Amino acid sequence: MQSRYNSAEIEPKWQKTWAEIGADRTSEDTDKPKFYALSMFPYPSGNLHMGHVRNYVISDVIARLKQMQGYRVLHPMGWDAFGLPAENAAIDRGVPPAQWTYKNIANMRSQLQQLGLCLDWSREVATCSPDYYKWTQWIFLQFFQAGLAYQKEAAVNWDPVDQTVLANEQVDSEGRSWRSGAIVERKLLKQWFFKITDYAEQLLNDLDKLSGWPERVKLMQANWIGKSVGAYLEFPIVGMDEKVGVFTTRPDTVYGVSYVVLAPEHPLTPQVTTSDRKEAVEAFIEEVASESELERTAEDKAKRGILTGGKAINPFNGEEIPILIADYVLYEYGTGAVMGVPAHDTRDFKFAIENNLAIKVVVVPEGEDGTKTLDAAYTEPGIMVNSGQFDGTRSQIGKTKIIEYAEEKGYGKARVQYRLRDWLISRQRYWGAPIPVIHCPSCGIVPVPEADLPVTLPENIKVSERGLSALAQLEEWVNVPCPSCGEPAKRETDTMDTFIDSSWYFLRYTDANNDCAIFELDKVNDWMPVDQYVGGIEHAILHLLYSRFFTKVLRDRGLLNFDEPFQRLLTQGMVQGKTYFNPNKAGKDKWIPTPTVDPENPQDPQTGEPLKVCYATMSKSKGNGVAPEEVIATYGVDTARMFILFKAPPEKDLEWDEADVEGQFRFLNKVWSTVQEFAESSVSAKKKSKDKLSKEEKELRRAIHTAIKEVSEDLEGEYQFNTAVSELMKLRNSLGDAKCKNSPVYAEGIETLIRLMAPFAPHIAEELWHQLSNNNSIHTQQWPQVDSSALVVDEITLVIQIMGKTRGTIQVPASADKQALEQYAKESEIGKRYLEGKEIKKVIVVPGKLVNFVVAK
């Protein structure tokens, strides 16, 4: 038996044993209830960081707990392995992206295996493997057959650094690429799209089914989908048969329209532009073309527009109104045109003032007549004026009446519109899943036959430069016969957005080794949906929304029998490190790597200037990271796990603190010593009659079952791992202070402590369990059950007060009533001492807490 806790010996020993006996293989025993625990799979960047560790430890605790609670648990792992970072890293190093990626996967797999995670590695997937992306391509064909995949020319977001297209969701709030940080440009290209807008209403409505998701994530998705209810109205163009169609949520203001605005790239723009305005309009269009979508629509940016010379007719009042183009109107959104009602829209009011456009009041507060000059737009509900037959109508009612009138006259109709755009999925890069279509001069777009999947990505090639698709240069790969007519044709050279790979991986885990089908329906419908999903809040819109979309499409294709992929979602906080920066420096140069700074006297190593300190998310650029392998080498995996779980609630950011890591290391050493002493004493664990327990045994048993109750509750619902660890500490302290170490109750406490610790610190728990002469794994044992009778308190501490001042405490039966409590207090030594010779005027008894004597002065 070991005399001291040696994590470096214990942890590799048990990891090897678990691997040899297949301890973490998924049980197929369908008599047990299922539980699917999943952390978002990582991009194989080369090394784990503490953010990874936190993510995977959280799901591991949940998976281990559920195993002990009698569930069959699916807890898999894989790699989100395609994408630009690998391609760019490979270019920089002059190696094929596949070589770079698989090397990183091997390294990170080894690092993950050192964390003692109960992962079923037999179900491992890598999205860059042909046996995975074969089914990604098969899914594309399912979308294509359903009319949900299409190709069109569109103005797209172009990353000038990575030389590829970005989806709208991949452009940040500053108009920069989420990957390279470059200012995104607009470009016209022929691209592939998925018709996610067909599912907008379902994606919005089904958010109500996600009771286990954080409200802020659901709100972010609802806002991104952006449902608007209103009217589609048409304004005839003077001198033409064409009409300008607009969508509005304020049809009640249509009589106040004083202009319409087209997007600069709208097909009608050149048609409505008069010859005298042609040069100015073209110059404006060219200027706007260089701006990103976010730049054009930013709230704090001045809106710019220009008259085209064209006119439209407001069909409701017959007035001619000018047609303009403006930077804030985008062709891809809505109809690509808007109606201007400056009296009742803040943006339109400012735009009208700046461009000397008419402002016509058509809605006023009750009691006004609309003759008052406006200093600002009136945007509240009110009474309609200057609106023909609708004068005097309340504006909320007027919305409906105007729509009915428009439908009757043929001016328009009711419409629901969404902010959500179709998902642009094609990328002009090499390292991604090839899109399985062939372009034939005779047949057009021809899907690759399913029997010919996968369309394999040539792997042993070096990608020499950013921006030029390596696939497009491989003539022997591009040139193929048409599957339909046999004539010479060409493969599609764009690859798919990597978010497609991650939009279905959780389904593949349910039947990961199936060579014949994407998965067996019985298996996927048995294991899905995921019971607990763990990942970062940064995926709230992209990955989580796309995964929900995929699930609904595959359900409608008859492959799934559920509506949502993830029942519960936990968005864990970031791991932050102590970070030093020089306030006199700018940009990346201001961050000073933590290892180069003396914490007692933080100075810039180059300039000697004093540094400031803060906690910031660990990153290479800030030089504030802590390598997991260094922590493991010093303290062990279990200590790192305990610290991560104890330091902060899982949804909050965690500040890395070496002193707190040492604190958890000391705690595990105390547990080790406590169990070692017990094991050497050979105390019997034979149960003792509850009626024959001594006072000390009852107190200890109460502490044991209080720990079971509190830890169990902390591991349900909101997963308060930090307070659960605190309860483990309390139980260890109660065992350390116990006066009945030769009692079977003490033995019960030792075994309970080990069982409760098992999901948190699996290695030390396994070692200590076996030291107690147990042959089976601690992780196959039943989770402790609360004995509610043990929580019943026989005695309570009663406070005795004289004139409101506490004079002492006594132990009294918990069942004592008010009269008995008063008697116990009077007859106690404290009562006799302070009440002797004094007249008691009044006695205040608070049952279960105190007795206060009011005496004559």
When the range 35-71 is checked residue by residue, the ones that are of a type in the set (A, V, I, L, M) and closer than 22 Å to Thr752 by Cα are Val57, Ile58, Val61, Ile62, Ala63, Leu65, Met68
Contact list, first residue from the range 621-643 and closer than 19 Å to Ile58 by Cβ and of a type in the set (A, V, I, L, M), second anywhere and open to solvent by 40 Å² or more (accessible area, probe 1.4 Å) and in a loop (DSSP other than H, G, I, E, B), beta-carbon distance below 8 Å, six or more apart or interchain, is Ile632/Gln114; Val637/Gln114
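Identify, from the list Val846, Val854, Val793, the residue that is under 53 Å from the mean Cα position of the chain (by Cα) and without any contact (Cβ under 8 Å) to a residue 60 or more places away in the chain. Break it down into steps so the answer makes sense when it comes.
On the way: Val854 fails: under 53 Å from the mean Cα position of the chain (by Cα); Val793 fails: without any contact (Cβ under 8 Å) to a residue 60 or more places away in the chain.
Answer to the selection: Val846.
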Those residues of the range 75-97 which are in contact (Cβ under 8 Å) with a residue 12 or more places away in the chain, outside any loop (DSSP other than H, G, I, E, B) and of a type in the set (A, V, I, L, M) amount to Leu84, Ala86, Ala90, Ile91
By residue number, the members of the range 207-217 that are under 18 Å from Asp531 (Cα atoms) and open to solvent by 20 Å² or more (accessible area, probe 1.4 Å) are Asp208, Lys209, Ser211, Gly212, Pro214, Glu215
Residue set Ala280, Ala343; condition under 30 Å from Pro365 (Cβ atoms) and either open to solvent by 20 Å² or more (accessible area, probe 1.4 Å) or in contact with a Gly (Cβ under 6 Å, 6 or more places away or on another chain) (or both); output residue Ala343
Pairing a residue in the range 747-769 that is small (Gly, Ala, Ser) with any residue that is not in a helix (DSSP H, G or I), where Cβ atoms lie under 6 Å and the two sit 6 or more apart in sequence or on different chains, gives Ala747/Val683; Ala747/Ala685; Ala765/Ala758
Residues in the range 497-540 that are open to solvent by 20 Å² or more (accessible area, probe 1.4 Å), among the aliphatic types (A, V, I, L, M) and within 14 Å of Ser39 (Cα to Cα) total 1
Residues in the range 226-245: is at least one crowded, with 19+ Cβ neighbours inside 10 Å, under 30 Å from Ala86 (Cα atoms) and touching a residue at least 12 places away in the same chain (Cβ under 8 Å)? no
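Based on what the data block shows, is Ile139 out of contact with any helix residue (DSSP H, G or I) (no Cβ under 6 Å at 6 or more places or on another chain), farther than 22 Å from Val463 by Cβ and open to solvent by less than 10 Å² (accessible area, probe 1.4 Å)?
Values: out of contact with any helix residue (DSSP H, G or I) (no Cβ under 6 Å at 6 or more places or on another chain): yes; farther than 22 Å from Val463 by Cβ: yes; open to solvent by less than 10 Å² (accessible area, probe 1.4 Å): yes.
Here the answer is yes, as Ile139 does meet what is asked.
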Those residues of the range 295-337 which are of a type in the set (A, V, I, L, M) and within 26 Å of Tyr232 (Cβ to Cβ) amount to Ile306, Leu307, Ala312, Ile313, Ile321, Ile323, Leu324, Ile325, Ala326, Val329, Leu330, Ala337
The number of residues in the range 369-396 that are open to solvent by 30 Å² or more (accessible area, probe 1.4 Å) and in a helix (DSSP H, G or I) is 3
Among strands (runs of 3 or more DSSP E) completely within the range 397-468, the ones holding 2 or more residues that are open to solvent by 30 Å² or more (accessible area, probe 1.4 Å) and of a type in the set (A, V, I, L, M) are 412-418
Apart from one, (1) buried (at least 17 other Cβ atoms within 10 Å of the Cβ); (2) within 37 Å of the chain's Cα centre (by Cα); (3) not aliphatic (A, V, I, L, M) all hold for Ser726; the odd one out is (1)
(request) Report yes if some residue within the range 56-73 is in a loop (DSSP other than H, G, I, E, B) and in contact with a helix residue (DSSP H, G or I) (Cβ under 8 Å, 6 or more places away or on another chain); otherwise report no. (result) no
Considering the range 407-429, residues that are out of contact with any Leu (no Cβ under 6 Å at 6 or more places or on another chain) and either among the small types (Gly, Ala, Ser) or without any contact (Cβ under 8 Å) to a residue 12 or more places away in the chain (or both), and then whichever is nearest to Ser228 (Cα to Cα), we arrive at Ala414
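Listed here are the residues, each with its yes/no results for (1) open to solvent by 20 Å² or more (accessible area, probe 1.4 Å); (2) touching a Cys at 6+ places or on another chain (Cβ under 7 Å); (3) modelled with pLDDT of 95 or more.
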residue: Arg25; (1), (2), (3): yes, no, yes
residue: Gly51; (1), (2), (3): yes, no, no
residue: Asp60; (1), (2), (3): no, yes, yes
residue: Gly94; (1), (2), (3): yes, no, no
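The values are calculated or read from the model by the stated rules, or taken from the named source; none is laboratory data. This one's a predicted model, so the numbers in the text were calculated from it and none came from an experiment. Neighbour counts run over all protein chains shown; Cβ positions are idealised from the backbone, glycine included. When the accessible area is computed, the model is the full protein with side chains, heavy atoms only, and any ligands, DNA or RNA have been set aside. Shrake-Rupley method; radii C 1.70, N 1.55, O 1.52, S 1.80 Å.
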